[in-house]
Each structure stands twice: as C-alpha cells, then as structure tokens.
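Following: one structure in structure tokens, then a few remarks.
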Amino acid sequence: MNVEERITELITKMTLEEKVSLCHGATLFKTGAVERLGITAVTMSDGPHGIREELKDDVFEPLGLAEDASTYFCALIALAATWNTELAYEYGNGIGEEAKARGKDILLSPGINIIRTPLCGRNFEYLSEDPYLVSKLVVPMIRGIQEQGTAACVKHFALNNQETNRLQVDVRVSDRALREIYLPGFKAAVEEGQVYAVMGAYNRFRGQHCCHHEYLLKDILKGEWGFDGVVISDWSGTHDTVEAANCGLDIEMGTIAPFEEYYLAKPFLNAIKSGMISEAVLDDKVRRILRLAFRIGKFDQVRPKGSFNTREHQFTSLRIGRESITLLKNEDGLLPLRKEALKTIAVIGDNADHLQGSGGGSSGVKALYEVTPLQGLHNKLGENTEIIFARGYSNDPAKAEELRAEAVRIAAGADAVVIFGGLNHGDDAEDHDRTDLKLPNGQNELIQEVYNVNPKAVVILIGGSPMEMDPWIQDVKGVLLAWYSGMEAGNAIAEVLLGDVNPSGKLPVTFPRRLEDSPAHSIGEYPGDTSVEYKEGIFVGYRYYDKKEILPLFCFGHGLSYTTFQYSDLKVFDGGRNGGANIEVSFNIRNTGSAEGAETVQLYVKSIQPETERPVMELKGFKKVFLEPGETQKVSLTMDPSSFSYYCEEKKAWRMDAGKYELLVGSSSRDIRFTEKIDLKHCSMI
Ligand code: BGC
C-alpha cells in the first residue's frame, strides 16, 4: 500500500470526532491525537531563531525546565545579510535537528514577509525587502529543516508587513504587487522548497482574514501552486467556522483555552453533523495532516532522534554571525583595529553587554549561552589589553548625562574606542512597530560627543531593522552593523573588529536617510487604522528609492570589505532559446588586496523603455565568492525568461516583453561595475 492508500484506510477507520480532533489545538502547541490508530499529536514549536523553551499547555508561561535551553542561531535578517545559500541550508538543518531532538514535528519557521516599512517590529525575523533574495534563501533553509524529518512552516501568509494593528488591518494591494513582491518567497517555498506547512497571517486582505482566505489559500496556494501540505492558522487568527473550513485552513491554533470551543473544534463538528459543511472538506484536512505525519516519519518504526546544543550547531551559529556582520563605512583604513597597538580600549554602550536572544516575542530563544560583544572582546584580547567599559546610555533619561560624561571621559584617553549602540528587542519586537527610525536613548548625542574627543571611535550597531544615523554618520569613520547575530555574536564581532575575519555581509534591506523617504511612509499608507492601501505598488525597498531618485543612507546590497575586488572580462552569452532569454553572464573577480575575503556579486536587470512601468532595476542573480589574496575566480550567473518578466494583470500571467534590457553587475545596487545591453527578440507568457 502506498502512503495515500494508507491515509485513505486510516481516514475510513476514524470517527468524525477523531478526525476533527486533528484539526485544532488541544494545547497551545499540540493538536489532538487518535492513539488507537497510532496517530500521535502533531507538536509544534517556534522558531525561527532557535527552538523555543517549553511552555505550559494552556498559558503562554514557561515551564521553567532546566533542559530546554537551545542553540540561538541568529535572527533571520542576519542570515539574509550573509547572502549565503549554503549557510541558509546549514541553519535550517541545524535547527531542524534540534527540533527533532526536542520532540517537535513542525517548526514554525521561517518567517518571510517582505520588509515593507523599516519600522515593522518583526523585520528582524524576516529576510529582505527583495522577493528574489527571499526566494533564494528560503528554499535551502526549508530543505535543511525538512531533511531532518521536521516540517518547516513558512509564515505569515500573506501581507503581514506590520505589527501595529496586525490583528485588524485590512491590506489592499494590486495583483501585480502581490505577485511580484509579496508572494514569490511563498511560491518558491512551495514549488521549489516543497514546504510541508504554511501559516496564515493575522491581518486581512481585501476584506477577508488571511487564515481563511479564499483567494490566497484556495485559489493560489492550494490551486495554482498545488500545495498539498497543511495550512495552520496563526495563533488565534481564526474567526469563522464555515469560512475556515471551506477556504483552506487545516489546523486552527490559538492562544487560549478552552480548545474544544475553537472554530475548527466543536462548532466544526456540529456544522458537519448538521450538513452545513461536507465531510469531504474534513477528510481533505485530515489527509493533509496525515500526509505531513508520514512525510516526517511519524509512522516509521525507527525515527532519527535529532540532537541539540551540539558544538556543530554552535559553530554554524558562529559562521553565520561572522558572515552576517556588515561593514557600512570604513575611512582611512580605520578598521580592522590592530591588536598589537591596543594597550587600552574603551568599550562604550549598553549593547556591549546586553543579551539579545530571548527578546522579541515568539522568536525569542532561551539560549544555552550567549557571548556578548564585551565578553567576545575579553576572549579575543586576553590580558594584554585593558578593556574599560562604560554603559554610555540607558532607557532611564535621568541617568543620561552622567552615563555620557563617563563614556566621554574613558574615550578621551583610550587607544581605541568602540561604541555598541543600535536597538534591542524592546524596539525590535512582535506586536508593535517602532515609532521612528532614530536610535533610542540619546545615542546620537553620545556617539557625537565621544567622536569629538576621540575621532577614531568606531560604531557597532546591533539591531534588526534600518536605523537613522544622524548626524554622526558624516564624521564617524568606521561603522559596522552586527544585527542580532546569534549566541556567538560577541566572538564573531571581536574577530571582525580585530581583523581575524574579513566582513562580508551585505544589506538585505535599504537603510533610508529619513523615515519620510521610505515608500509606505512618504505616501502615508501606514499603519492605517482598519485598512491600509499599498499604493506604492511594486515600488518597495530599493525599487522605490531608485524610481524616485532618493539617495539612501546605505543602499540595498551594500557592504564593504577589508580587501578590494576587481571585476573584469564580462561576457554575456545568449543561449537563444525561449525567445532569447536563456542568458549566461560570466566575468572574473579578483581579490586585489592583502586579506582573504568574500564578495557577493549581484546581477540586476533593467528594462530599457518598457511598455509597462517597471522598476529601474531588479535583483535577478547573486553569488558569494570566497577569494584568497591575489586569487581570481570566474563567476557565471544564468538567467531565464522569469528574470525579465513581470505580472500582467490583464492576462493574469507572467509576461516577458521583447526589447532592450540592460544587465548590471556590481557589488551593491548602487555600485555597479559593468553594464551590458541585450536585445530580446520575442515576447512570451509564462
Ligand atoms: C506569531 C507566530 C507564532 C505564534 C506561536 C503568533 O503570535 O505571530 O509567528 O508562531 O504566535 O507562538
């Protein structure tokens, strides 16, 4: 008997009550079970950054166990800053293995909503403002998770792009923007990543709740994309029994008991009994749930046990941390700091010894340990350097002046000064957005004053979202962005600061100069009250700044290195198939400096004189290349019709127009090293 036949057999043996018990939470993170048929409960855990500590069955309170600490890999935005698809796989594989060891069937991860506003409280849990980058990272991550026999659950489907008003906001967006910007990551997760589960979003879209949305779930996800896995509601994101049953929700989860009163519990059972909902609808849900159970080996005699808190996972976290750190500015070769010359180093700022892993809401991790930046510097510098720490700022305004004065005093006489500022999870957190882009707690004044007494001061920003850096960014010569880079963050930061590791992170999101420059805010469509219209359409992130010719503070794809790279010998080979759009772009890249390093080369496509409005350019390829000093490598990037197409609302299909295009290859979206024109002769629909 094949799996589908075994599922059919199980379904025939189950009572209505038993079947319904699989479709809703029986505790906060578990469904019901049918023990007599060997069907055990499906167990879930947050993600995405590590396996969440164990909670009580019916309230969101930790059980306080001794053995439920886990690996804190890093915030997903830090992973995205690596632009490294192999690390995405390893992150997934590591966390999937930990989920397994902790007895979890479904990991509620990854979160892949598009970063529409720089203020969104969950930007740190997401990947990027760019759908291509999201798609390329989410697929290996899902593969990594699911190869461990853990189901990934990609979330939040869809348009959950703000936390403020997330429960009631009704998003209005064009079909074109939906298809080109907000859905590609989910589509890739389903079609290429073969993800086993998808979580609905809290918000509404065109008047209907996303957890039971006919167009999103039935028509697109299960219809067009052929998704045969399980749709899970966000916790308490379900609002109606008949709609949930008929519009594609398979499991209703929630935040409060009594679980048997959930829309997909007793009311669902009654609606089937009274004939309001057909039993076939229920059977389809049960089939999907059992299919997931088979896929992750729940019916196998022997299942791999998984493992957690391994040295290997901690090392994965360290490697991601290292590669995520993004060098935003480095003038006069200020960085890296030269260890030999450091008799004293002033380390300033609350974020130097702030633990980050456990904050932020459902993604918080009870980390087995977390190395703070201050600890990392102690580990790296040892006895030979005196580290003098001053907190510099705090969220108590009464202390600001005194803390600042102390910081300025220690900075004046030190050989080197490093200020750790930015955000923490009081700012970057689920359930609310930030209210502005400014650094909190008087950090701008602190940085400026410290710089005034010691112009060699370096700033290291922690955080998961864009921040304003006014006015000090004009002056300060060295700025690193360290995100929330996991349990080994402090070690990774110290290695980069002192030059043992060459930074190679690139921004997966634009840092605007001012909030008003960013699309959602400049057009005034945020946060809405009950509804918000994404009037910027497809012009999200760099697509907007490019169109409006607004200079960002740091552009999408930006990130410097301690070495230099030279691009040469660009060749464009047109395979001539599919209307001339099977194109290979190749070029050489050479490390022309004296440090080993990695460069993420980026390929953008621009349509010249398009018939339909298009973004100035769009990311359509990238590759991270590791090079020894003096080494040259040939890079090839391939393109196909999808690289040139846009969503045609009229035809409800993807369309590639004939015409001239420019291919732009560079080190960031605004540091283009070559351009080459091509002429596509044929138009095609995809
Ligand atoms: C979040 C989800 C999370 C769930 C369970 C919700 O509030 O939006 O991302 O997985 O809670 O903790």
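Per-structure values
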| read-out | value |
| --- | --- |
| Gain in span if fully extended, A595 to E312, counting 0.36 nm per residue against the direct Cα distance | 99.2 nm |
| Between the stretch 492-544 and the stretch 271-349, the Cα center-to-center distance that results, in Å | 22 Å |
| Contact order normalised by residue count of the chain, Cα under 8 Å, 6+ apart, percent | 14 percent |
| Whole-Å semi-axes of the stretch 353-482's equivalent ellipsoid (Cα gyration tensor) | 24, 20, 13 |
| Cβ-based net charge around D170, under 14 Å, with every Lys or Arg adding one and every Asp or Glu removing one | +1 |
| Gap separating the Cα centres of the stretch 231-256 and the stretch 406-484, nearest whole Å | 43 Å |
| Three-way shape call for the stretch 524-643 based on the alpha-carbon gyration tensor, with the a/c threshold at 1.5 | oblate |
| Global geometry of the stretch 198-329, whether rounded, prolate or oblate, following the gyration tensor of its Cα atoms and the 1.5 cut on a/c | prolate |
| Set K266/K366; K13/K273; K136/K547 screened for pairs whose C-alpha atoms are more than 26 Å apart | K266/K366 |
| Charge dipole (the chain, unit charges on Cβ, about Cα centre) - positive-most of G297, V479, C153 | G297 |
| Local electrostatic count at L507 - Lys and Arg +1, Asp and Glu -1, tallied over other residues with Cβ under 13 Å | 0 |
| Straight-distance crosslink candidates among lysines, where the alpha carbon sits under 22 Å from K571 and sequence neighbours closer than 8 are dropped | K606, K620, K623, K624, K634, K660, K677, K681 |
| Environment charge at I232 (Cβ cut-off 9 Å; Lys +1, Arg +1, Asp -1, Glu -1) | -2 |
| Whole-angstrom gap from the stretch 609-625 to the stretch 1-57, using each part's C-alpha centre | 43 Å |
| Ascending count of other beta-carbon atoms within 10 Å, so fewest first, for T632, T563 | T632, T563 |
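Taken together, the values in this text are just the output of simple stated rules run on the coordinates, not laboratory data. Remember, it's a predicted structure, so these values are computed and weren't measured experimentally. Methodologically, a virtual Cβ is constructed for each residue, glycine included, from the backbone with ideal geometry; neighbour enumeration extends over all protein chains shown.
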